[in-house]
Amino acid sequence: MDQLKDKMTPYITKEEVQEAVRRLAQEIEIDYHGKELILVAPLKGSFVFMSDLARNLNLKVIMDYVYLKSIKSGQAIEIRKDIETNITDKHVLIVEEIIDAGKTLEFLLKRLSANRPASLRVASLLDKPARREISLKPDYVGLTIDDRYVVGYGMDSEEKGRNYSDIFTFSM
């Protein structure tokens, strides 16, 4: 049985992914030393990255999830699952697997800011600035990539490929 990755080109190895996760965890630990940190992962793609990042953090962490869906061709965003943790006066880190256009992330930042967290930052495993439609720069970036469609490590193609340890791209 063919797998999706059989039709794709390896792009980032699992070792490169794990090295980026470890480096990000070290940067985050320096900034949040001695503080409790609430990690918020937008579902579905960020769950793998948040899990690995949390295991690499030597901090007290709380993990929560939000599920947002773009509707009407990206003109509106629907909240299908909101966070359950009270983030008022708490340190919050949104954990994204990839940032491209940034519209959904901008919505989430505004939404969480309304709860008056002590700090609100963004960590992204992959940053794709060539696709950015708004002015937004993540606070922590694992790897910057060019404009290509990637699958694996939580990212999917029609819900397939999220379970791959490596990251693949379609041949160009």
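The values are calculated or read from the model by the stated rules, or taken from the named source; none is laboratory data. Predicted model only: the values in this text are computed from it and were never measured. Positions of Cβ are generated from backbone atoms using ideal geometry, with glycine treated the same way; all protein chains shown enter the neighbour counts.
Can you pull out the residues in segment 20-38 that are basic (Lys, Arg) and free of Cβ contacts under 8 Å to residues at least 60 places away in the same chain?
To start, the set of residues in segment 20-38 that are basic (Lys, Arg) comprises 22-23, 35.
Hits for segment 20-38 are ARG22, LYS35.
Among the residues of segment 44-91, write down those that are under 23 Å from SER157 (Cβ atoms), among the acidic types (Asp, Glu) and either in contact (Cβ under 8 Å) with a residue 24 or more places away in the chain or crowded, with 18+ Cβ neighbours inside 10 Å (or both).
Scanning segment 44-91 gives a single hit, ASP52.
For segment 34-62, which residues satisfy the criterion of being over 10 Å from the mean Cα position of the chain (by Cα) and farther than 20 Å from SER113 by Cβ? If you could, list the steps in order and put the result at the bottom.
Start the filter on segment 34-62 by keeping residues that are over 10 Å from the mean Cα position of the chain (by Cα), which leaves 34-39, 51-62.
Answer for segment 34-62, where residues must be over 10 Å from the mean Cα position of the chain (by Cα) and farther than 20 Å from SER113 by Cβ: GLY34, SER51, ASP52, LEU53, ALA54, ARG55, ASN56, LEU57, ASN58, LEU59, LYS60, VAL61.
Go through segment 8-23 and report how many residues are surrounded by 15 or more Cβ atoms within 10 Å (Cβ to Cβ) and either over 20 Å from ALA54 (Cβ atoms) or in contact with a helix residue (DSSP H, G or I) (Cβ under 6 Å, 6 or more places away or on another chain) (or both).
Number satisfying all stated conditions: 4.
Got a number for residues in segment 24-45 being in contact with a strand residue (DSSP E or B) (Cβ under 7 Å, 6 or more places away or on another chain) and more than 24 Å from SER171 (Cα to Cα)?
Within segment 24-45, residues that are in contact with a strand residue (DSSP E or B) (Cβ under 7 Å, 6 or more places away or on another chain) and more than 24 Å from SER171 (Cα to Cα) number 13.
Okay, residues lined up against (1) assigned to a loop (DSSP other than H, G, I, E, B); (2) at pLDDT below 95:
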| site | (1), (2) |
| --- | --- |
| THR88 | yes, no |
| ILE94 | no, no |
| LYS110 | no, no |
| LEU120 | no, no |
| PRO138 | yes, no |
| ASP147 | yes, yes |
| VAL151 | no, no |
| SER171 | yes, yes |
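Let me confirm something: among LEU105, LEU125, which residue is closer than 24 Å to ASN56 by Cα, of a type in the set (A, V, I, L, M), assigned to a strand (DSSP E or B) and under 16 Å from the mean Cα position of the chain (by Cα)?
Values: LEU105 fails: assigned to a strand (DSSP E or B).
Unique residue meeting the criteria: LEU125.
Counting just the residues of segment 146-158 that are free of Cβ contacts under 8 Å to residues at least 60 places away in the same chain and out of contact with any helix residue (DSSP H, G or I) (no Cβ under 7 Å at 6 or more places or on another chain), which one comes out surrounded by the fewest Cβ atoms within 10 Å (Cβ to Cβ)?
Taking segment 146-158 first, the residues free of Cβ contacts under 8 Å to residues at least 60 places away in the same chain are 146-147, 149, 158.
Filter once more, so that each one left must be out of contact with any helix residue (DSSP H, G or I) (no Cβ under 7 Å at 6 or more places or on another chain): 149, 158.
Numbers: TYR149: 14, GLU158: 7.
Taking the candidates together, the pick is GLU158.
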